[in-house]
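Below is one structure, written out as structure tokens; comments come after it.
Every read-out reported here was derived from the displayed coordinates using simple, explicitly stated rules and does not represent laboratory data. Small disclaimer: the values here were computed from a predicted structure and weren't measured. Counting neighbours? That spans all protein chains shown, and the Cβs are built from the backbone with ideal geometry, glycine included.
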Amino acid sequence: MSTETSDRILSWHSNPSRPRYTPPPGAIDAHCHVFGPMAQFPFSAKAKYLPQDAGSDKLFSLRDHLGFARNVIVQASCHGTDNAATLHAIAVSEGKARGVAVVNPAIGDDELHAMDAGGMRGIRFNFLKRLVDDAPKDKFLEVASRLPRGWHVVIYFEADILEELRPFMDAIPVPIVIDHMGRPDVTQGPDGADMKAFRGLLDSRPDIWFKATCPDRLEEPAGPPWDDFARAVAPMVADYSDRVIWGTDWPHPNMQNAIPDDGALVDMIPRIAPTPELQQKLLVTNPTLLYWPEEIGSES
Ligand code: 0GY
């Protein structure tokens, strides 16, 4: 794999619009990543894509531009199980970021606890074959059984393997957060097979959360109006309002051929969460419960 800068893919918008929608104070972008910078944090030898640098300075500028207060940084597959770039971004965030790690399941308890001290609050299991070489369920379950207190598991899969993953998910002993709703076909509408199956999963246990994210990944073209996404997802946000979070997905891994405008993504929020109450849960209350739980109840 070449490491020339010109050969590395650019997947984020260089000049995103300022959103018309203003997020509530304390809003959290709960799904984003950092890439490198490569000179400081090299990409994994097993990376399936080699991106342009997208470090913490760019992420935090975008956070401010979009009107958000904090980030949850999810370790991207291009960094494999070396979480240094994500931990560095959290460390320089002045308390405004926490994270989700990707680990070798053989990781020791000491290292997990060091990651907890570094601001990680969960681990991610990625089942997308185009992103990872293997996803060993038995090893994932073992490490899930010895996570630091308060951690959860983030799972990334596509709709066609939801049923196959059900026994695995049933056995996970901590809360689960599903990336991008398990990538349903939103063109089927709110009552389509994929949304029904996903509701079945959410109904199977009360501690499964989800990210109402990525209209750009779930609907062609990768720009607004994203009407199918809004029609399929708004009822989910209303019906499971205590278990849903939101994020930009910046710097949009693998979206180099259809780079979304982050301002337009933020402007989708009132279309899937039309009331101030839903927006407060989606952007503040729910991600705070997952990532800064010590703050809940400390305000009174
Ligand atoms: C996402 C989605 C993708 C990539 C990754 O870790 C990653 O590389 O998550 C994808 O290509 O669908 O959530 O960022």
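In vacuum, with every alpha carbon of segment 156-300 counted as one equal point scatterer, what does the Debye formula give for log10 I(q)/I(0) at q = 0.20 Å⁻¹? Two decimals, please. Debye curve over Cα of segment 156-300, log10 I(q)/I(0) at q = 0.20 Å⁻¹: -1.31. Dividing the helix sum by the residues of the chain, where each DSSP H run of 4 or more adds -39500 (n - 2.57), gives a mean residue ellipticity at 222 nm of -8500 deg cm²/dmol. For the residue pairs K96/K281; K137/K211; K96/K196, alpha carbon separations beyond 27 Å are given by K96/K196.
For segment 85-135, a crude dipole built from +1 on the beta carbon of Lys and Arg and -1 on the beta carbon of Asp and Glu, taken about the Cα centre, is about 380 debye to the nearest 20.
Computed from point charges on the beta carbon alone (+1 for Lys and Arg, -1 for Asp and Glu), the dipole magnitude for segment 97-182 about its Cα centre is near 260 Debye. The separation of segment 108-158 from segment 160-205, counted between C-alpha centres, amounts to 18 Å.
Looking at segment 54-150, which trypsin sites (Lys or Arg not before Pro) are DSSP coil and have at most 13 other C-beta atoms within 10 Å of their C-beta? Intermediate results must be reported in sequence, preceding the final value.
Numbers: sites: K58, R63, R70, K96, R98, R121, R124, K129, R130, K137, K139, R146, R149; in loops: K96, K129, R130, R146, R149.
Passing both the DSSP loop test and the Cβ count: K129, R130, R146, R149.
Legend: P(r) of segment 195-262 from all alpha carbon pair distances, 10 Å bins from 0, whole percents, reading 19, 47, 28, 6. Calculated on the Cα set of segment 78-126, radius of gyration then Dmax: 10.3, 31 Å.
What is the ratio of the Cα radius of gyration of segment 138-221 to 2.2 N^0.38 Å, with N the residue count, to two decimals? Please report the intermediate quantities before stating the final value.
Values: Rg = 13.4 Å, N = 84, 2.2 N^0.38 = 11.8 Å.
Segment 138-221 yields a ratio of 1.13.
When the convex hull of its Cα atoms is viewed from all sides, segment 243-295 shows a mean projected area of 4.5 nm². Using a cutoff of 8 angstrom between alpha carbon atoms and counting only pairs six or more residues apart, the relative contact order for the chain works out to 21 percent.
Taking Cα centre as origin and charging only the Cβ of basic (Lys, Arg, +1) and acidic (Asp, Glu, -1) residues, the dipole magnitude of segment 39-123 rounds to 360 debye.
Along its three principal directions, the equivalent ellipsoid of segment 69-206 from the Cα gyration tensor extends over semi-axes of 27, 17, 14 Å, largest first. Rg and Dmax of the chain, both derived from C-alpha coordinates alone, stand at 17.8, 55 Å.
Where the convex hull is taken over the Cα atoms of segment 183-229, what is its projected area averaged over directions, in nm²?
Here the figure is 3.2 nm², rounded to one decimal.
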